[in-house]
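Down below is the structure, laid out as structure tokens.
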Amino acid sequence: MTPPPTPADALPPEEPAAPADDAQPPQGPPAPDNECRTGGAGGNDNPAEGRVPPTHPHSKAGLNAHLVIDRTPTFRLDITLTATPGDVLALLGPNGAGKTTALRALAGLTPLTRGHLHLDGTDLHDTPPEHRPVGVVFQDYLLFPHLTALDNVAFGPRCRGATKSEARAQAQDWLHRMGLKEHTTTKPRRLSGGQAQRVALARALATHPRLLLLDEPLAALDARTRLEVRAQLRRHLAEFEAVAVLVTHDPLDAMVLADRLVVIEHGRIVQEGTPADIARHPRTDYIAQLVGLNLYKGQADGHTVRLDAGPAITTTEDLTGQVFVAFPPSAVTLHRDRPTGSSARNLWHCEVAGLETHGDQIRADLTGELPLAADLTTVAAAELDLHPGAPVWATVKATQTHAYPA
Ligand SMILES: Nc1ncnc2c1ncn2[C@@H]1O[C@H](COP(=O)(O)OP(=O)(O)OP(=O)(O)O)[C@@H](O)[C@H]1O
């Protein structure tokens, strides 16, 4: 994604390369004097005076969206998202799946080809981005470089019609909440990545959005800062009373921050559920890899699952029909010679395709009778003399597998 460089209040249109989005109203950068000019040429100087349509009093609170967007002749996003206030959704998916397109559509930056977008019962179809009650946090913060942290945060409330002093008081309050009391007069270039991201979050939250959009909010941070900011973000999201939608590539961010994961592949939702449910019952190879499981599909007959392509796997579950079988790489034991005394019910002859470090373990990528990933210690890998092309036997106990209906 090439994210727009300002908060939703001042988001520019997409690059000219995006013909589908050329219809966006032109929007300029923030005024250097920190005066908010909403809507650019098509804007309204006082957004508080209502281009935002009133919320329907009897309608359901939260997000109700069906987003259909034709991006290229071959790519169509077609997803339905619903959430109630307080929900945190994470959109996960491989590159090009459509996550950013979905986020941009929610922000009003990419028009829908079809579908609808209702927030707290209000149809946002005709509401321009700068007048939507939507806050956006981007991975590279996109703070206004010439403004202090305080003025960056005050920008949002100013755009929503607050007076200068009200906006600054609110900004002060938000920066205090974010633990940035000491940095109110600091300009972005003097902030650390973690501090800048907290300013960006404060800027988004200061507008009291009914929908908070976070685009890879932790991606630009180093590992240590990421840990810290993830914990803080989790706390703020838990307190946030409206809907939050997060786009991330990182399963850990998704699992820690979201109540519900929505996995998108090729523009469609392929699986949706709580982090625990998705981690335990992955339904696509992408999700299985994401949560670190070997995943297969096949036909169950009692405790035996005959794979669509490959051998059979013995499981403890007693099932019939199409099922998935999953097991973690740590459940695989490797042997140089065919084991004779092993109690494991599953035995396959494989070949090492590749090796890589995985935390303090070695992950072996195996092909052969059954393609699989196996984790082992460095010592074990050395003892087995593992190297690409080496033949190995892999065993997995039935009790270590998990089968569930497809
Ligand atoms: N501005 C654009 N104009 C036309 N097509 C686009 C535009 N931006 C993205 N696309 C196409 O839309 C599809 C979805 O892209 P999108 O950026 O939404 O995916 P993504 O899941 O966010 O990927 P990534 O994780 O790499 O950011 C891709 O096929 C992409 O090539």
Filtering segment 106-117 down to residues that are surrounded by fewer than 19 Cβ atoms within 10 Å (Cβ to Cβ) and not polar (S, T, N, Q), which residue is nearest to the ligand (Cβ to nearest atom)? Pro111
Step by step: first the residues of segment 229-254, then only those that are open to solvent by 60 Å² or more (accessible area, probe 1.4 Å) and under 11 Å from the mean Cα position of the chain (by Cα), then the one that is farthest from the ligand (Cβ to nearest atom). Which residue is that? Leu252
Filtering segment 82-95 for residues that are more than 7 Å from the ligand (Cβ to nearest atom) and buried (at least 24 other Cβ atoms within 10 Å of the Cβ) leaves a count of 3
Can you pull out every residue in segment 207-228 that is in contact (Cβ under 8 Å) with a residue 60 or more places away in the chain and either surrounded by fewer than 19 Cβ atoms within 10 Å (Cβ to Cβ) or part of a loop (DSSP other than H, G, I, E, B) (or both)? Thr207, His208, Pro209, Arg210, Glu216, Pro217, Leu218, Ala219, Ala220
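For (1) surrounded by fewer than 21 Cβ atoms within 10 Å (Cβ to Cβ); (2) part of a helix (DSSP H, G or I); (3) touching a residue at least 12 places away in the same chain (Cβ under 8 Å); (4) in contact with a strand residue (DSSP E or B) (Cβ under 8 Å, 6 or more places away or on another chain), each residue gets a yes or a no:
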{"site": "Ala97", "(1), (2), (3), (4)": "no, no, yes, yes"}
{"site": "Arg104", "(1), (2), (3), (4)": "no, yes, yes, no"}
{"site": "Leu142", "(1), (2), (3), (4)": "no, no, yes, no"}
{"site": "Asp151", "(1), (2), (3), (4)": "no, yes, yes, no"}
{"site": "Arg158", "(1), (2), (3), (4)": "no, yes, yes, no"}
{"site": "Ser165", "(1), (2), (3), (4)": "yes, yes, no, no"}
{"site": "Leu175", "(1), (2), (3), (4)": "no, yes, yes, no"}
Across segment 253-280, the tally of residues that are in a loop (DSSP other than H, G, I, E, B) and either assigned by TED's automatic domain parsing to the domain that holds Arg363 or of a type in the set (Val, Ile, Thr) (or both) stands at 1
Please count how many residues of segment 377-390 are open to solvent by less than 20 Å² (accessible area, probe 1.4 Å) and closer than 13 Å to Ser330 by Cα. 0
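The values are calculated or read from the model by the stated rules, or taken from the named source; none is laboratory data. Note that the coordinates shown come from a computational prediction; the quantities given were computed from them, not determined experimentally. Note that we place each Cβ from the backbone using ideal geometry, even for glycine, and neighbour counts take in every protein chain shown. Areas reflect the complete protein model, heavy atoms only, side chains present, ligands, DNA and RNA absent. Shrake-Rupley method; radii C 1.70, N 1.55, O 1.52, S 1.80 Å.
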